[in-house]
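Here the structure is laid out as structure tokens; the discussion comes afterwards.
No lab work stands behind these numbers, since they all come straight from the coordinates. Treat the numbers as computed from the prediction; the structure is a model and nothing was measured. Note that each Cβ is placed from the backbone with ideal geometry, even for glycine, and that neighbours are counted across all protein chains shown.
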Amino acid sequence: MKKLINLVPVLLLTFSISKTLAKDNDKNVTAPIYKMLVYAKKNKDDKALKYIGISSMANFLLGKYQKKATAKQKKIFENLLKDNIKYQGLPKVAEYFPSVDVPLVKPVYKNAKAFVESSVIYAGSERLKFQWVLAKVKNKYVIIDILNDGKSSLEKNKTRIHKQIEAKGMDGFLAIYKEKVEGMKK
């Protein structure tokens, strides 16, 4: 009984430390979302892009073709993806999120990823519900995907990319993608 009584303060301290770490961790997960939104609204795209895991996204999108691609091809794809997000994705973020006061639900952690439910009212009346997906890259959480109705936005694009690579080869796909991204810059 005496051992149990002596153990209670240790257990309470451990519990309070773990709750504090969880809260800090939750803030570390949601902070990149808010920061990306703020910078996107201010048209500070290069700062907003720092909170998006472009390398992780590029690796996922290339999937099985990542091993077959040269280092140069991977870098070209990553830069095109970055420009795609800059010229198409971030302007949509600014449109969909007129305010950075976005409701975020406590993160759920699963398979080394954090899922943060959120919603936004679009066009004055339509409520869009989705989940931000974040992963730790170099000890910082970054946004790597968005789930809509549980479906990955990257998964949909991965299928299209793989079909183009199969049809045109990696260089052919990159040429098509480059043309598309260049059109976004105009």
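Which whole-Hz ³J(HN,Hα) couplings does segment 46-61 yield from phi under the Karplus relation 6.51 cos²θ - 1.76 cosθ + 1.60, θ = phi - 60°, glycine and proline marked x?
Rounded to whole hertz, the list is 4, 6, 4, 5, 5, 9, 10, x, 4, 4, 4, 5, 4, 4, 5, 5.
Can you compute 3J(HN,Hα) from phi for each residue in segment 71-80, using the Karplus curve 6.51 cos²θ - 1.76 cosθ + 1.60 with θ = phi - 60°, rounded to whole Hz and x for Gly and Pro?
4, 5, 5, 4, 5, 4, 4, 4, 5, 5
Whose amide H sits under 5 Å from the amide H of ILE144, counting only residues 5 or more places off or on another chain, with H placed in the peptide plane?
Distant-sequence amide H within range of ILE144: GLY53, VAL133, LEU134, ALA135.
Calculate, in nm to one decimal, what ARG127 and LYS110 gain on full extension: separation in residues at 0.36 nm each, minus their alpha carbon distance.
Between ARG127 and LYS110, full extension yields 3.5 nm more.
Tell me, what ³J(HN,Hα) does each residue in segment 150-163 have, in order and in whole Hz, if you take phi through Karplus 6.51 cos²θ - 1.76 cosθ + 1.60 with θ = phi - 60° and put x for Gly and Pro?
Values per residue, Gly and Pro as x: x, 9, 6, 5, 6, 4, 4, 6, 4, 4, 5, 4, 4, 5 Hz.
Name the trypsin sites (Lys or Arg not before Pro) in segment 123-172 that are in a loop by DSSP and that have at most 13 other C-beta atoms within 10 Å, would you?
Listed in order of number, the matching sites are LYS138.
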